[in-house]
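Asker: Starting off with a structure, shown below.
The values are calculated or read from the model by the stated rules, or taken from the named source; none is laboratory data. These numbers come from a predicted model, not from an experiment. No Cβ is skipped: glycine too gets one built from the backbone with ideal geometry, and neighbour counts run over all protein chains shown.
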């Protein structure tokens with residue numbers, strides 16, 4: 001192994017090997033800038049800021065035991081910051097053309113011989129510029145990448161300097177801090193769980209320096225995890241709909257205009273629900289209405305979305321890597337009444353409180369990183385079959401950011417879908433607004449904009465009901 005190599009963690013290795021014919025494990029993001037910026041300014045900013053994160057200068061070298069991060073001696077910035085001219089068909093809007101390009105890039109593999117990221121720059125877009133970012137999930141999860149993106153904006157903070165650590169040290173340290181030691185308020189809020197047995201299981205599985213079952217104590221911990229995995233595997237399949245099936249690997253991307261975050265908060269307060277309850281209810285209503293119009297009656301149906309849950313202190317996001325678990329959230333798409341639906345969502349969200357499933361999902365990924373790829377695919381595919389979508393809900397900056405002197409007027413990103421999941425839902429608050437985006441497989445949902453366009457009307461229904469309530473009273 002080269003002297004400059006750094007061993008990749010088990011979880012990151014699992015994400016590296018999770019690419020398949022229909023889903024690539026890339027996080028894809030879009031930035032819309034006003035006014036336009038120049039390519040030279042973008043390249044200079046990336047060179048000065050992004051490359052201070054050493055991971056973005058490193059390529060991946062795989063071996064029989066996993067993979068390592070190795071400095072790319074042939075690194076060229078021009079291979080990673082690429083110019084594009086937006087191609088538009090007759091009558092096609094710039095927005096539609098940009099969405100089409102984002103979908104194409106979401107299905108285009110990154111060059112495995114180079115660092116696994118790329119920025120695609122469209123200098124002229126709607127009077128300004130646009131930027132599409134692609135980063136392989138093995139580099140970092142969404143929370144970490146938001147921290148990275150914040151650092152490259154005007155006035156962004158550089159990452160703290162640190163020496164590379166071995167994978168077993170970095171994994172053991174963060175997991176011990178977050179789980180094995182007395183739970184901090186941050187951890188309780190993030191994962192809402194208690195239980196020493198589960199925590200100990202996670203510690204064992206996260207530490208690649210130890211044998212997996214090197215003692216009776218470790219065997220018992222391993223058995224606990226296996227039992228919990230079996231319980232997750234016994235989850236019933238969610239309802240069959242047009243959104244569930246075998247994808248073909250062609251992606252479609254869509255997003256909408258922001259709605260006022262203040263209005264969302266007002267609805268939540270009036271209905272005695274959280275902001276997430278309101279937003280997820282609108283997502284469920286939009287999906288249900290879309291299926292209903294296609295003749296796929298959603299009445300009585302529910303679908304499951306896998307939702308990432310952050311497992312790291314937010315001040316450690318600069319360390320990159322993957323530090324999150326997953327929880328299965330059931331969306332009641334068959335409830336047409338918006339008030340009934342928002343309370344059904346609230347009930348399902350409350351059921352997740354106290355769950356240790358985020359840690360269990362991390363354990364599954366830890367184990368998967370040790371297995372040969374066919375076995376890993378079979379293990380993770382078992383869980384992918386239980387869900388229709390992957391969903392992220394991320395709070396962004398409250399005020400618009402600046403980038404190379406321009407205003408970042410709108411931003412959206414999508415996390416990848418694993419296995420045969422063909423729908424990715426993103427909710428992002430930014431600059432006082434909330435945006436809703438979709439990435440879908442063409443076979444399962446050829447026109448995701450039709451779902452996007454239903455989101456605001458569903459929100460308006462709740463807003464109308466809220467305005468009709470007596471002043472000073474909650475529902």
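Asker: Take the residues in segment 312-337 that are surrounded by 23 or more Cβ atoms within 10 Å (Cβ to Cβ) and modelled with pLDDT of 90 or more, then tell me which one is nearest to the chain's Cα centre (by Cα).
Answerer: Taking the candidates together, the pick is 331.
Asker: For residue 60, are the conditions met, namely being touching a helix residue (DSSP H, G or I) at 6+ places or on another chain (Cβ under 6 Å), part of a strand (DSSP E or B), at pLDDT 95 or above and surrounded by 21 or more Cβ atoms within 10 Å (Cβ to Cβ)?
Answerer: no
Asker: Where the second residue is outside any strand (DSSP E or B) and crowded, with 23+ Cβ neighbours inside 10 Å and the first is free of Cβ contacts under 8 Å to residues at least 12 places away in the same chain and lies in segment 402-415, which pairs have Cβ atoms under 9 Å and are six or more apart or on separate chains?
Answerer: none
Asker: All but one of (1) exposed (fewer than 15 other Cβ atoms within 10 Å of the Cβ); (2) at pLDDT 70 or above; (3) touching a helix residue (DSSP H, G or I) at 6+ places or on another chain (Cβ under 9 Å); (4) not in a helix (DSSP H, G or I) hold for residue 254, so report the exception by its number.
Answerer: Result: residue 254 passes all but (1).
Asker: Please verify whether segment 116-124 includes one or more residues that are touching a residue at least 12 places away in the same chain (Cβ under 8 Å), at positive phi and either in contact with a helix residue (DSSP H, G or I) (Cβ under 6 Å, 6 or more places away or on another chain) or surrounded by 15 or more Cβ atoms within 10 Å (Cβ to Cβ) (or both).
Answerer: Of the residues in segment 116-124, the ones touching a residue at least 12 places away in the same chain (Cβ under 8 Å) are 116-124.
After this cut, where a residue has to be at positive phi as well, the list is none.
No, because not a single residue in segment 116-124 is touching a residue at least 12 places away in the same chain (Cβ under 8 Å), at positive phi and either in contact with a helix residue (DSSP H, G or I) (Cβ under 6 Å, 6 or more places away or on another chain) or surrounded by 15 or more Cβ atoms within 10 Å (Cβ to Cβ) (or both).
Asker: What's the total number of residues in segment 433-447 that are buried (at least 21 other Cβ atoms within 10 Å of the Cβ) and either in contact with a helix residue (DSSP H, G or I) (Cβ under 9 Å, 6 or more places away or on another chain) or at positive phi (or both)? So that I can check it myself, show each step before the final result.
Answerer: Residues of segment 433-447 buried (at least 21 other Cβ atoms within 10 Å of the Cβ): 434-441, 444-445.
Narrowing further to those that are either in contact with a helix residue (DSSP H, G or I) (Cβ under 9 Å, 6 or more places away or on another chain) or at positive phi (or both): 434, 436-440, 445.
Residues flagged as buried (at least 21 other Cβ atoms within 10 Å of the Cβ) and either in contact with a helix residue (DSSP H, G or I) (Cβ under 9 Å, 6 or more places away or on another chain) or at positive phi (or both) within segment 433-447 amount to 7.
Asker: Quick check: is even one residue across segment 263-274 part of a helix (DSSP H, G or I), buried (at least 17 other Cβ atoms within 10 Å of the Cβ) and within 20 Å of the chain's Cα centre (by Cα)?
Answerer: So in segment 263-274, the residues part of a helix (DSSP H, G or I) come out as 263-271.
Restricting the remaining residues to those that are buried (at least 17 other Cβ atoms within 10 Å of the Cβ) gives 263-264, 267-268, 270-271.
From what is left, the residues that are within 20 Å of the chain's Cα centre (by Cα) are none.
Within segment 263-274, none of the residues are part of a helix (DSSP H, G or I), buried (at least 17 other Cβ atoms within 10 Å of the Cβ) and within 20 Å of the chain's Cα centre (by Cα).
Asker: Ok, one more. Kindly indicate whether residue 283 is within 18 Å of residue 437 (Cα to Cα) and at pLDDT below 95.
Answerer: Answer is no for this residue.
Asker: Same structure again: Answer yes if at least one residue in segment 370-384 is within 11 Å of residue 306 (Cα to Cα) and at pLDDT 70 or above, and no otherwise.
Answerer: There is at least one residue in segment 370-384 that is within 11 Å of residue 306 (Cα to Cα) and at pLDDT 70 or above.
Asker: Only one residue in 442, 450 is farther than 30 Å from residue 138 by Cα and at pLDDT 95 or above, so which one is that?
Answerer: So the residue among 442, 450 that is farther than 30 Å from residue 138 by Cα and at pLDDT 95 or above is 450.
Asker: For segment 1-47, which positions are in contact with a strand residue (DSSP E or B) (Cβ under 8 Å, 6 or more places away or on another chain) and part of a helix (DSSP H, G or I)?
Answerer: 10, 11, 12, 13, 15, 16, 39, 42, 43, 45, 46
Asker: Got a number for residues in segment 18-43 being more than 17 Å from the chain's Cα centre (by Cα), surrounded by 19 or more Cβ atoms within 10 Å (Cβ to Cβ) and closer than 19 Å to residue 377 by Cα?
Answerer: The qualifying residues number 1.
Asker: Something else about it: Please specify each residue of segment 421-432 satisfying the condition of being crowded, with 19+ Cβ neighbours inside 10 Å and touching a helix residue (DSSP H, G or I) at 6+ places or on another chain (Cβ under 7 Å).
Answerer: 421, 425, 427, 429 - these are the residues of segment 421-432 that are crowded, with 19+ Cβ neighbours inside 10 Å and touching a helix residue (DSSP H, G or I) at 6+ places or on another chain (Cβ under 7 Å).
Asker: Go through the residues of segment 458-468 one by one and say whether even a single one is touching a residue at least 12 places away in the same chain (Cβ under 8 Å), in a loop (DSSP other than H, G, I, E, B) and more than 25 Å from residue 126 (Cα to Cα).
Answerer: So far as segment 458-468 goes, no, none of its residues is touching a residue at least 12 places away in the same chain (Cβ under 8 Å), in a loop (DSSP other than H, G, I, E, B) and more than 25 Å from residue 126 (Cα to Cα).
Asker: Can you name every residue in segment 73-105 that is surrounded by fewer than 18 Cβ atoms within 10 Å (Cβ to Cβ) and more than 30 Å from residue 446 (Cβ to Cβ)?
Answerer: Listed by number, the residues that qualify are 73, 74, 75, 76, 77, 78, 79.
Asker: Within segment 291-300, is there a residue that is crowded, with 19+ Cβ neighbours inside 10 Å and either at pLDDT 50 or above or under 30 Å from residue 467 (Cα atoms) (or both)?
Answerer: Within segment 291-300 (the criterion being crowded, with 19+ Cβ neighbours inside 10 Å and either at pLDDT 50 or above or under 30 Å from residue 467 (Cα atoms) (or both)), the answer is yes, since at least one residue qualifies.
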